[in-house]
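Accompanying notes for the structure given below.
The values are calculated or read from the model by the stated rules, or taken from the named source; none is laboratory data. Just so it is clear, the structure is predicted and the values come from calculations on it, not from any experiment. In this analysis, Cβ positions are derived from the backbone assuming ideal geometry, glycine residues included, and neighbour counts consider all displayed protein chains. Please note that ligands, DNA and RNA were not included when accessible areas were found on the heavy atoms of the full protein model with its side chains. Shrake-Rupley method; radii C 1.70, N 1.55, O 1.52, S 1.80 Å.
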Amino acid sequence: MVWLFIAMYQLVYYSELKDLVDRQRYDIVALGKAITNAESGQRGYLLTGHTLFLDTMEQGRMEAKSVMARFDQHANQLTEIGPQLKRINQLVHEKFDVMDRGIQVQLSAGSYASHLSLSKDKGHVLMMQINHLLSEADGKLESLRADYEQQIRERMVASVLGAILLGMLIISVLIFSYRSTMHLIEQVIKNQAVAEQLSHHAEHDLLTGLPNRRSVDTHLHHIHQLARNTSRPFAIFFMDLDGFKKVNDEYGHALGDALLVEVASLFKKVLRQTDFLARQGGDEFVLVVSIYLHRAELIQLAQRLIQLFAEPVMVRNIPIEIGVSIGIAEYPHHGQQIKQLLLAADKAMYDSKKNGKNRYSFVAE
């Protein structure tokens, strides 16, 4: 009997630890997203000078502080990632200090200065370090989660066997043990359902249901390895909606969110099952095309995507006029490494913006 109760106690204990790990993994994703949103706000301000972007930056700062406070709250329970979280905390503060200095330089200069480029300044280096540490911490948490799941399975087996053995000895104890065990199993099932939901949220955008930035990195790593082994090309589309900020300003963020959901649905209608579509953040989307023979196919696809917005998009019975600017980079023509390709596609997208918007551009050759 003592053995049974120990097994059940450990079952609940490991279930709670696994839930804690999933919450920490979700917070890791939330921290990266908060910093990215703040960085987007800073970039928007540096490019346009509009102070509204500073609100986005401050919102990202507050979200990052909230996540780091939760990290501190659970630091004693997950000591395995303590060093990473401590270093992440330091780097995040340094990152926001660099962003603040960039804003001050912009305020002093009075116009956009080329030396503030986010892809080259210290802030970009800090972001790479933060992402590396977040990925490292998440890897350790994923390993812990697998260990806890194994412990849970073993305790579940032990609990059921204990209940059966005990039931064979005493009928009255069988009833009590059965009810207790079933209750614990129900709790474990509920906890597992929550854990699976949190794990799904860690890999997908909560608004559109599309894969998120984290999933993009995972997918590109897989496609890149496959391309290197088979010498097959693949292409990355960076897509940014034209006129989205105006929609938010005129109709509010609720309708802007509904528009993003509708846009995601429109994109999927012209894509193949082999195409990978993800929401990068804000009104930015990433498309990975892994199966094609000639560049003409990419051009046709880009034209179909742009044609989706030839007519206003109906959102809540309101016609919304927007467009999409697309930047395209091809492996291996525009780069051998994933980071090179992402930067190239991003630059090509900004070329589309500069050249009139609602168009596509390949990397300048």
Within segment 33-73, residues open to solvent by less than 80 Å² (accessible area, probe 1.4 Å) and of a type in the set (A, V, I, L, M, F, W, C) come out as Ala34, Ile35, Ala38, Leu46, Phe53, Leu54, Met57, Ala64, Val67, Met68, Ala69, Phe71
With respect to Gly323, determine if the residue is small (Gly, Ala, Ser), surrounded by 17 or more Cβ atoms within 10 Å (Cβ to Cβ) and farther than 18 Å from Asp217 by Cα. yes
Filter result (among the basic types (Lys, Arg) and either at pLDDT below 70 or not in a helix (DSSP H, G or I) (or both)) within segment 111-163: Lys120
I'd like to verify a number: residues in segment 268-287 that are open to solvent by 20 Å² or more (accessible area, probe 1.4 Å) and of a type in the set (A, V, I, L, M, F, W, C), how many? 3
State yes or no: is Lys65 in contact (Cβ under 8 Å) with a residue 40 or more places away in the chain, over 16 Å from Gly123 (Cβ atoms) and in a helix (DSSP H, G or I)? no
Test result for Leu343, closer than 30 Å to His132 by Cβ, of a type outside the set (Gly, Ala, Ser) and either touching a strand residue (DSSP E or B) at 6+ places or on another chain (Cβ under 7 Å) or not in a strand (DSSP E or B) (or both): yes
Go through segment 192-302 and tell me which helices (runs of 4 or more DSSP H), entirely inside it, have 3 or more residues that are touching a Gly at 6+ places or on another chain (Cβ under 8 Å). 244-251
Working only within segment 224-267, note down all residues that are open to solvent by less than 30 Å² (accessible area, probe 1.4 Å), small (Gly, Ala, Ser) and closer than 22 Å to Met349 by Cβ. Ala227, Ala235, Gly256, Ala264
Return yes or no: is Lys353 in a helix (DSSP H, G or I), open to solvent by 10 Å² or more (accessible area, probe 1.4 Å) and in contact with a Ser or Thr (Cβ under 6 Å, 6 or more places away or on another chain)? yes
